[in-house]
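Engineer: First the structure, then my questions, so here it is.
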Amino acid sequence: MGQIRFPEGFQWGTATASYQIEGAWNEDGKGESIWDRFAHTPGKVRTGDTGDIACDSYHRYREDVALMREMNLTSYRFSIAWPRVQPSGSGSANAKGLDYYGRLVDELLAAGVRPFPTLYHWDLPQALEDAGGWPERDTASRFADYAEIVIRSLGDRVKDWLIFNEPAIFTLMGYRFGIHAPGRRDADAFLRATHTVNLAHGDAFRAMKAESPQARIGTAFSMSACEPAGDSEADADAAERWHQFTNCWFLEPALRGRYPDVFSEGLPAERMGIRDGDEDRMRAPLDVVGINLYTRSTIAHCDGGPIGLDAQHVGSDSDAAPRTDFGWEVWPRALHDVLVRISRDYDFPPIEITENGCSYADGPDARGVVNDTRRIDFYRGYLAAVAQAIEAGADVRGYHAWTLLDNFEWSEGFEQRFGLTYVDFPSANRTLKESGRWYGRVAAENGFEETE
Ligand code: FCB
């Protein structure tokens, strides 16, 4: 027991995403996104909710920034909605859409908070999906054009950028399993989508550096500690393949210009649409590796499996650890293990935790206080794991709690509450939770007492 301390200058922040909080889905010239289309299609979102209004951050962003100040935060990871900037995904910029992000950035800078935008957190312009979406190679070039427009507009004030949010998740959930927008279920489309995204990653990185050589650029990768379900060598091998696929399918091409070797029959290059020269085009020597991590994955060997990896996710003993209201295991060790492994395997790159958090449904009591002690326990455990990983040599520069506000949790609608701030839907009124107050003290003190 003792003090958990973080390095001097450590960034304390929260993360959000445009579709999950902004609302204003058709204002100021914004085009339709695949998430607008998906959520407007009955039966796609479990609760029938949409992001049409969400937290109304498009109009209430000043309140959001005031909450960050109240929590002593120094960094804000938000995302830019591509269809606000280019309503149909190509061509000239919509000035009103860009203006919104300019106002948000100015408000953040005035509050002493670092703006840390993500260019793509899943809201592809619907017009591009109609033209083939991520499985279509041309989408990579469209994306690079968009990246250039954004950095040209904000690059004088924004120095830290993320290109993609969780490429492994949006390609898999959107094109293979159909649980997220655009709701396709097609294994080949999924594989091609992953390759286009890797091309787009390299293209956007180069376009951004050409426009703004000093920019520090990363991507937020979804990661999980992949643990074998049993003691067999087969399970251990399966867990390793799962790690390479789920954690490194986009990182390895960016940093080393190649795909991890995970399929027993070799890389399905033809199905993926790989062409000569693509290896170099995928390269994006990122300045920072963003890691989003929530829990661990328990993996067993099986023949074939959902994505042909001869491995499957089997979950773990239901009572091995507490679970969040989303059913995700609270497993802080996973964050430590992934930070240490990625650091060792990729030569100790600068890392930012770009997301980590938990869903608990606690709401206001009779006095209006949201006493979400389970969330405080969650953050205590995971932050201690980050501190241990730093001690073990990981170069972690910042931490972003997911999330600032309860928001639209994709196909789960508003039911899963991940916020440090309680949001009353549909009024969108905000109340800082006790976890938010606790997190604010951690940020102010750059650490906490383990026994506190
Ligand atoms: C991540 C997403 C984020 C949020 C959290 C709970 O996969 O990046 O938008 O939904 O999960």
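Engineer: Does ARG374 count as surrounded by fewer than 21 Cβ atoms within 10 Å (Cβ to Cβ), assigned to a helix (DSSP H, G or I), touching a strand residue (DSSP E or B) at 6+ places or on another chain (Cβ under 9 Å) and of a type outside the set (A, V, I, L, M)?
Structural biologist: Working: surrounded by fewer than 21 Cβ atoms within 10 Å (Cβ to Cβ): yes; assigned to a helix (DSSP H, G or I): yes; touching a strand residue (DSSP E or B) at 6+ places or on another chain (Cβ under 9 Å): no; of a type outside the set (A, V, I, L, M): yes.
No; evaluated as a whole, the condition is false for this residue.
Engineer: Let me ask something else. Applying the selection to region 45-69, what residues are small (Gly, Ala, Ser), in a loop (DSSP other than H, G, I, E, B) and buried (at least 18 other Cβ atoms within 10 Å of the Cβ)? Break it down stepwise before answering.
Structural biologist: Filtering region 45-69 down to residues small (Gly, Ala, Ser) leaves 48, 51, 54, 57, 66.
Filter again for in a loop (DSSP other than H, G, I, E, B), leaving 48, 51, 54.
The answer is GLY51, ALA54.
Engineer: Conditions first: (1) surrounded by fewer than 23 Cβ atoms within 10 Å (Cβ to Cβ); (2) farther than 30 Å from VAL314 by Cα; (3) within 16 Å of the ligand (Cβ to nearest atom). ALA225 passes all but one, so which condition is the exception?
Structural biologist: Exception for ALA225: condition (2).
Engineer: Regarding ILE179, is this residue among the β-branched types (Val, Ile, Thr), on the phi < 0 side of the Ramachandran plot, in a loop (DSSP other than H, G, I, E, B) and touching a residue at least 60 places away in the same chain (Cβ under 8 Å)?
Structural biologist: Working: among the β-branched types (Val, Ile, Thr): yes; on the phi < 0 side of the Ramachandran plot: yes; in a loop (DSSP other than H, G, I, E, B): yes; touching a residue at least 60 places away in the same chain (Cβ under 8 Å): yes.
So ILE179 fits the description; yes.
Engineer: So which residues in region 58-94 are within 18 Å of ALA24 (Cα to Cα) and acidic (Asp, Glu)?
Structural biologist: GLU63, ASP64
Engineer: Among the numbered criteria (1) more than 14 Å from the ligand (Cβ to nearest atom); (2) over 24 Å from ARG441 (Cβ atoms), which one does ARG374 miss?
Structural biologist: Checking ARG374 against (1) more than 14 Å from the ligand (Cβ to nearest atom); (2) over 24 Å from ARG441 (Cβ atoms), the one that fails is (2).
Engineer: OK, next. Can you run down the residue pairs with Cβ atoms below 8 Å, 6 or more apart or on separate chains, where the first is in region 316-332 and away from the ligand (no atom under 16 Å from the Cβ) and the partner is modelled with pLDDT of 95 or more and of a type in the set (A, V, I, L, M)?
Structural biologist: SER316/ALA229; ALA321/VAL330; PRO322/VAL330; PRO332/ALA384; PRO332/ALA385
Engineer: Give the residue that is nearest to LYS433 (Cα to Cα), with candidates limited to residues of region 11-22 that are within 16 Å of the ligand (Cβ to nearest atom) and not in a helix (DSSP H, G or I). Full working, then the answer.
Structural biologist: Taking region 11-22 as the starting set, the residues that turn out to be within 16 Å of the ligand (Cβ to nearest atom) are 13-22.
With not in a helix (DSSP H, G or I) added as a condition, the list becomes 13-17, 22.
Working: GLY13: 16, THR14: 14, ALA15: 16, THR16: 17, ALA17: 20, GLU22: 20 Å.
Of everything passing the filter in region 11-22, THR14 is nearest to LYS433 (Cα to Cα).
Engineer: Just to check your reading of the model, which residue among PHE408, PHE414 is surrounded by fewer than 23 Cβ atoms within 10 Å (Cβ to Cβ), within 16 Å of the ligand (Cβ to nearest atom) and within 21 Å of ASP64 (Cα to Cα)?
Structural biologist: Details: PHE408 fails: surrounded by fewer than 23 Cβ atoms within 10 Å (Cβ to Cβ).
Going through PHE408, PHE414 in turn, the sole match is PHE414.
The values are calculated or read from the model by the stated rules, or taken from the named source; none is laboratory data. Just so it is clear, the model here is predicted, and its values are computed rather than measured. Please note: Cβ atoms are built from the backbone with ideal geometry, for glycine as well, and neighbour counts cover all protein chains shown.
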